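Data block below; observations after.
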Amino acid sequence: MEKFYFLVFEKNMSIRGAAKELKIPPGTAQTWYTKGQKSIESGEDLYLRKPGSGRPVGRPLTINSEQKEYLVKLIDQKPGIVLDEMMEGLTSQFTNLNISRSSLYKYVTTHC
């Protein structure tokens, strides 16, 4: 992208010529040129990502606070507990809980 802007803005090469030299589709080059023009007009840095909507990424947690307390007690009672034993304990205590091993692993490593 930087090389494209160098060719177009510094060397005064045409958009199609720069696209051909860089071996990118002309439509992509035109889009890059338009974005470059807009960033120059607005004074913002082209290479910085725009901030997101602030919404969390991924699915919401499936484990509630009661289940988390049970899991923490289970780990405190048996510090060497393995993931399969945690799954058994959780699913036997909370019959309506539906969670995969990978989800439980991610939860335990980030929240417990």
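Each value in this text was obtained by applying a stated rule to the coordinates, not by laboratory testing. From a predicted model like this one, the values you see are computed outputs, not experimental measurements. Here the Cβ positions follow ideal geometry from the backbone for every residue, glycine too, while neighbour counts run over all protein chains shown.
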Per the charge dipole of the chain (beta-carbon charges, Lys/Arg positive, Asp/Glu negative, Cα centre), the residue among Phe94, Ile63, Met13 reaching farthest to the positive end is Met13
Taking 0.36 nm per residue of separation between Glu41 and Asp76 and subtracting their Cα-Cα distance, the length gained on full extension comes to 6.7 nm
Read-out Cα extents along the principal axes in Å, candidates (1) 56, 28, 20; (2) 41, 28, 27; (3) 71, 29, 25; calculated match is (3)
Restricting to Cα pairs under 8 Å and 6 or more apart, the percent relative contact order of the chain works out to 14 percent
Whole-Hz Karplus couplings 3J(HN,Hα) for the range 102-112, θ = phi - 60° and coefficients 6.51, -1.76, 1.60, Gly and Pro as x, run 5, 5, 5, 4, 4, 5, 5, 6, 9, 10, 10
For Lys35, counting only lysines whose alpha-carbon sits under 22 Å away and dropping same-chain residues fewer than eight positions off, the answer is Lys3, Lys11, Lys20, Lys23, Lys50
For the range 58-70, in residue order, the Karplus 3J(HN,Hα) values (coefficients 6.51, -1.76, 1.60; θ = phi - 60°; whole Hz; Gly and Pro = x) are x, 7, x, 5, 9, 9, 8, 5, 5, 5, 5, 4, 4
Two pseudo-spin positions, 7 Å from Cα along C-beta at Glu85 and at Thr28, lie apart in nanometres by 5.3 nm
Computed ³J(HN,Hα) along the range 33-43: with the Karplus parameters 6.51/-1.76/1.60, θ = phi - 60°, integer Hz and x for glycine or proline, the list is 4, 4, 5, x, 5, 5, 5, 5, 5, 8, x
If every Lys and Arg gets +1 and every Asp and Glu gets -1 at its Cβ, then about the Cα centre the chain yields a dipole, in debye to the nearest 20, of 560 debye
